[in-house]
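Colleague: Handing you a structure now.
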Amino acid sequence: MISVAEALEHLFALASPMDIEEVPLRQASGRVLAADVIARRTQPPFDASSMDGYAMRLAEVEPDAMFKVVGEAAAGRGFEGRVGPGQCLRIFTGAPVPEGLDRVVIQEDVTRKGDLVTLKRDLDGKANIRPAGCDFKTGDRIAAPRLLGPADVALLASMNIPDVPVHRRPVVAVIATGDELVMPGETPAPDQIIASNSFGLAAQLEAAGAVARLIPIARDTSASLKTALTLASEADLIVTIGGASVGDYDLVAPVAAEMGMQQSFYKVAMRPGKPLMAGRLRGIPMIGLPGNPVSALVCGTIFVVPVVRAMLGLGAGPVPRRMGRLAAPLERNGPREHYMRAELGPEGLRAFEAQDSSLLSILSQSNALLIRPPHDAARATGDEVSYIPI
């Protein structure tokens, strides 16, 4: 068995960033920027008023001073005339401030009668002008790689970028295996169960930015598994669920080897998820996950999602860990790294009593994986431990 860190190193060696495609700005949210983007304009492109008020010369601003209003400027409609001494301009938020004017007195600080305004005694001391380029300038860049969110999309739009270079989403073929499985909605025989792992894993993959493709369930025969793996031959990553152990019906490793898979490793010193396998099948990275539902989803979190992120160009690295304090004591851990299903609440982290790798109900109630290092000593309430939010 190898450690979790060693398994990740092997997996990252199998994965490469996807190629680059351009997508319309409207489709860029949630994608990974693949090349630096350069601003095509300055924002704001002119000195702009940040308030509704009156634009004038700072040198003339003093309590009780009087000015004549000679025009008006609004957003999208600037003033093209001249503002002379003792004069001012009615101005609204977002409007260009004419050259020579360097102060906007907010409308609450003046009284107006007709075309005359008089400044009050207690004036707002701010200039209330956004200088040209205070947000960004032509030639400024957004550096790749970057997972683009709504604010990034708005920034790209302001930079006048209509199309965005992003990494292609990896297509991940998900193959559930086993005679015992039927699809949700079907009526299982007395000795069958509903296939749940592939749906949970597909949700994980899509949340991470991949395109999940569910292959029909592979039955416990070499022919069925070969058919499923052939159907996955156009994917960028193949993930099998179940059949990765060494039982009489665990066919993934021998069938994949027969089809030319070069195995990278088999078995990881972790709980849950020891029977994890990885390699390359005809040039395609392949990960074989254990069949127990919790094992599959925990391994999806620890291994598959980081691989997808690497393929998206976000770099090779483990899932970020956080530190928290225990809300209840824990017994000594065994020889494998343990990812305990836990609840993070106001009092800290509390591991669930039931940690069996078949209990999806417990995983569904959990919002954290509490990480126990191999041979970790017994822990007391209040001890600091590492965890992964889920």
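The values are calculated or read from the model by the stated rules, or taken from the named source; none is laboratory data. Predicted model, so just to flag it, every value in this text is computed and none were measured. Cβ atoms come from the backbone with ideal geometry, glycine included; neighbour counts cover every protein chain shown. These accessible areas exclude ligands, DNA and RNA; they are computed on the full protein's heavy atoms, side chains included. Shrake-Rupley method; radii C 1.70, N 1.55, O 1.52, S 1.80 Å.
Colleague: Give the residues of region 4-61 that are among the aliphatic types (A, V, I, L, M), touching a helix residue (DSSP H, G or I) at 6+ places or on another chain (Cβ under 9 Å) and within 30 Å of Glu206 (Cβ to Cβ), sorted by residue number.
Modeller: Correct list: Val4, Ala7, Leu8, Leu11, Leu14, Ala15, Met18, Leu25, Ala28, Val32, Leu33, Val37.
Colleague: Further, regarding this structure: Please enumerate the residues belonging to region 221-232 that are of a type in the set (Ser, Thr, Tyr) and either open to solvent by less than 60 Å² (accessible area, probe 1.4 Å) or part of a helix (DSSP H, G or I) (or both).
Modeller: Ser222, Ser224, Thr227, Thr230
Colleague: Let me ask something else. If we keep just the residues of region 172-220 that are assigned to a strand (DSSP E or B), of a type outside the set (Gly, Ala, Ser) and closer than 22 Å to Pro318 by Cα, which is nearest to the chain's Cα centre (by Cα)?
Modeller: If we take residues in region 172-220 being assigned to a strand (DSSP E or B), of a type outside the set (Gly, Ala, Ser) and closer than 22 Å to Pro318 by Cα, then Val211 is nearest to the chain's Cα centre (by Cα).
Colleague: Please go through region 19-69 and pick out each residue that is among the hydrophobic types (A, V, I, L, M, F, W, C), open to solvent by 20 Å² or more (accessible area, probe 1.4 Å) and in contact (Cβ under 8 Å) with a residue 24 or more places away in the chain.
Modeller: Hits for region 19-69 are Ile20, Leu25, Ala34, Ala35, Ile38, Phe46, Met51, Leu58, Val61, Met66.
Colleague: I need the full set of residues from region 88-99 which are over 41 Å from the mean Cα position of the chain (by Cα) and either open to solvent by 50 Å² or more (accessible area, probe 1.4 Å) or charged (D, E, K, R) (or both), in order please.
Modeller: The answer is Arg90, Glu99.
Colleague: When you scan region 101-167 for strands (runs of 3 or more DSSP E) that lie fully inside it, which ones turn up with 1 or more residues that are surrounded by fewer than 16 Cβ atoms within 10 Å (Cβ to Cβ) and touching a Gly at 6+ places or on another chain (Cβ under 9 Å)?
Modeller: Because the criterion is at least 1 residues that are surrounded by fewer than 16 Cβ atoms within 10 Å (Cβ to Cβ) and touching a Gly at 6+ places or on another chain (Cβ under 9 Å), no strands (runs of 3 or more DSSP E) in region 101-167 meet it.
Colleague: Being crowded, with 21+ Cβ neighbours inside 10 Å and either closer than 21 Å to Ala223 by Cβ or modelled with pLDDT of 95 or more (or both): is that true of Met311 here?
Modeller: yes
Colleague: Now for a separate question. If only one of Met286, Met340 is within 20 Å of Ala202 (Cβ to Cβ), outside any loop (DSSP other than H, G, I, E, B), open to solvent by less than 50 Å² (accessible area, probe 1.4 Å) and not hydroxyl-bearing (Ser, Thr, Tyr), which one is it?
Modeller: Among Met286, Met340, only Met286 is within 20 Å of Ala202 (Cβ to Cβ), outside any loop (DSSP other than H, G, I, E, B), open to solvent by less than 50 Å² (accessible area, probe 1.4 Å) and not hydroxyl-bearing (Ser, Thr, Tyr).
Colleague: I'm trying to understand the selection: among the residues of region 349-370, which are in a loop (DSSP other than H, G, I, E, B) and either more than 24 Å from the chain's Cα centre (by Cα) or under 12 Å from Val298 (Cβ atoms) (or both)?
Modeller: Passing the criteria: Phe352, Glu353, Ala354, Gln355, Asp356, Ser357, Ser358, Leu359, Ser366.
Colleague: Does Val319 count as open to solvent by less than 40 Å² (accessible area, probe 1.4 Å) and either touching a Ser or Thr at 6+ places or on another chain (Cβ under 8 Å) or free of Cβ contacts under 8 Å to residues at least 24 places away in the same chain (or both)?
Modeller: yes
Colleague: Which one of the conditions (1) buried (at least 22 other Cβ atoms within 10 Å of the Cβ); (2) modelled with pLDDT of 95 or more; (3) within 23 Å of Gln365 (Cα to Cα) does Gly324 fail to meet, given that it meets all the rest?
Modeller: (1)
Colleague: Which numbered condition in (1) farther than 24 Å from Ala342 by Cβ; (2) out of contact with any Asp or Glu (no Cβ under 7 Å at 6 or more places or on another chain); (3) open to solvent by 60 Å² or more (accessible area, probe 1.4 Å) is the only one that Lys274 fails?
Modeller: For Lys274, the exception is condition (1).
Colleague: Could you please give the count of residues in region 356-370 that are open to solvent by 30 Å² or more (accessible area, probe 1.4 Å) and free of Cβ contacts under 8 Å to residues at least 40 places away in the same chain?
Modeller: Total satisfying the criteria: 4.
Colleague: A further question on this structure: Of the numbered conditions (1) in contact (Cβ under 8 Å) with a residue 40 or more places away in the chain; (2) assigned to a loop (DSSP other than H, G, I, E, B), His10 satisfies every one except a single condition; which is it?
Modeller: Only one criterion in (1) in contact (Cβ under 8 Å) with a residue 40 or more places away in the chain; (2) assigned to a loop (DSSP other than H, G, I, E, B) is unmet by His10, namely (2).
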